[in-house]
Amino acid sequence: YIEENHHLPDVPSAEEVAEHGYAQSEVNETLLRKIEELTLYMIEMKADNEALKADNAELRGMIEQLQTQED
């Protein structure tokens, strides 16, 4: 969506704001909603990243074991 429209979903573009104007309360509400969405997304991504790190560490251990067995 962002690549195509060059702004976040449900957030007016800078051009729209300059052209039509928007009430500050509307803008604040929308931005607060987006901050919450992005924060929740970052928390999810952090959990995914931690799981991938654990998987990576496990795989590295397995590789080391295999290399030791070869020697």
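Taken together, the values in this text are just the output of simple stated rules run on the coordinates, not laboratory data. Bear in mind that the values here come from a model prediction, so they are computed numbers and not experimental data. Here the Cβ positions follow ideal geometry from the backbone for every residue, glycine too, while neighbour counts run over all protein chains shown.
Side notes on the structure shown:
- Förster-model FRET efficiency, 22 Å R0, residue 37 and residue 5, C-beta, rounded to 0.05: 0.85
- Computed from backbone phi, the HN-Hα couplings of the range 44-58 come to 5, 5, 5, 4, 4, 5, 4, 5, 5, 4, 5, 4, 4, 4, 5 Hz, rounded to whole numbers (Karplus: 6.51 cos²θ - 1.76 cosθ + 1.60, θ = phi - 60°; Gly and Pro given as x).
- Equivalent ellipsoid semi-axes - Cα gyration tensor, the chain, angstrom: 48, 14, 5
- Per-residue ellipticity at 222 nm from helix content only, as computed over the chain with -39500 (n - 2.57) for each DSSP H run of at least four residues, stands at -28000 deg cm²/dmol.
- Taking each residue as 0.36 nm, the span from residue 62 to residue 28 lengthens on full extension beyond its C-alpha to C-alpha distance by 7.2 nm.
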